[in-house]
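Participant: What follows is a single structure, and I will ask about it in a moment.
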Amino acid sequence: MSTAIEPEATSASPAVNPRGIGRRGDAHPGGTRGRGPRESLFSRTGAMIVMAVFTFYFLVPIWWLLVASTKDRGQLFSTNPLWFADFQLFENIGALFDYRNGVYLRWILNSLLYAGLGAVVATVLAAMCGYALAKYRFPGRETIFNVVLGGVLVPATALALPLFLLFSRVQLTDTFWAVFLPSVVSPFGVYLSRVFAEASVPDELLEASRLDGAGELRTFFTVSIRLMFPALVTVFLFQFVTIWNNFFLPLIMLRSEELFPVTYGLYAWNSTINQFPELRTYVLVGSLLSIIPLIITFLLLQRYWRTGLGSGSLK
């Protein structure tokens, strides 16, 4: 007596595979149906050309600045502007640091203080405001947020004169606070913090923290701020660059040279080049050194900056 054993239906049989796994092109790396749409050679070449042109456009001024900073005053206009002559970069840097008892170093420290401390305070305030607008329900919340969005559209130059009048009334012009206090306000930071808080901070996590007895401030600084960290780094980066490059506000607020940021100090030197020709080299070398902190900051925070912007755009 023989017993016939029927073969089991396994995934090895393509005829009974409901998902079609194993069919050519679905899951196999060499298939065509698993691939995305292929770009044409023309579109890829065009994109590469556009990127190369813009890269060249942005890098040529920096290259020229580097080359010019290595020359003495007599070689600036008598040699190739895009190639080196006598390499005197370190001598020029030393002369810049020694000029007028190192006033340039004082300007660099002022800019680091204005931009660094101002960006930290602005980031914390923007995070708290954005978090409150995202996680709390109160009358007028959307109105406040719309006002913040309107602040993003107002150019900083339009606010400079009203700020000067306000600070002059309280006798704070030509002081550290005249540049620092306006720098701690970031409408864009509030907007980005609200968007990121809504997307990355679950309400259930906040409720669990409250049930454990944590207060609102403790919940924010121990739980929420860690989840919002990529957005906060992005806010810090943008605010740091904005304050560092700020020129018009120090122009109308400051008169004392020891309070100048590096941008305004270099402008003051550049405006007197006709009277003091030796300042031309100092302006070039100082401009080259002034972009180094920005480059370092971008390189250190680049991955957080991409994450923060990407989350904001997806939201």
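No value in this document is a laboratory result; all are computed from the given coordinates. Predicted model only: the values in this text are computed from it and were never measured. Here the Cβ positions follow ideal geometry from the backbone for every residue, glycine too, while neighbour counts run over all protein chains shown.
Participant: For the range 239-284, which GluC sites (Glu not before Pro) pass both filters: DSSP loop (anything but H, G, I, E, B) and at most 16 other C-beta atoms within 10 Å?
Facilitator: Details: sites: E257, E258, E278; in loops: E278.
Those that pass, being in a loop and sparsely packed, are E278.
Participant: In whole Å, largest first, what are the principal axis extents of the Cα atoms in the range 96-314?
Facilitator: Extents along the principal axes: 68, 40, 30 Å.
Participant: Pulled fully out, how much extra length does the chain show between L300 and F90, if you take 0.36 nm times their separation in residues and subtract their Cα-Cα distance?
Facilitator: Values: separation 210, 0.36 × 210 = 75.60 nm, distance 2.56 nm.
Taking 0.36 nm per residue and subtracting the Cα distance, the gain is 73.0 nm.
Participant: Here is a follow-up. Need one number: nm distance between label points at R44 and N80, each 7 Å from Cα along Cα→Cβ, rounded to one decimal.
Facilitator: Rounded to a tenth, the inter-label distance reads 3.4 nm.
Participant: Right, something else. Provide the FRET efficiency to the nearest 0.05 for the L112-F229 pair, computing r from the beta carbons and using R0 = 22 Å.
Facilitator: Once the sixth-power term is evaluated, E becomes 0.45.
Participant: Tell me which residues come under 5 Å, amide H to amide H, from A85 once H is placed; ignore anything under 5 positions away on its chain.
Facilitator: When sequence neighbours closer than 5 places are left aside, there are no close amide H contacts.
Participant: When ranked by the protection proxy of mean other Cβ atoms within 10 Å per residue, highest first, what sequence do the peptides 237-246, 212-221 form? List each step's numbers first, then the result.
Facilitator: Numbers: 237-246: 20.8, 212-221: 13.6.
Final packing ranking: 237-246, 212-221.
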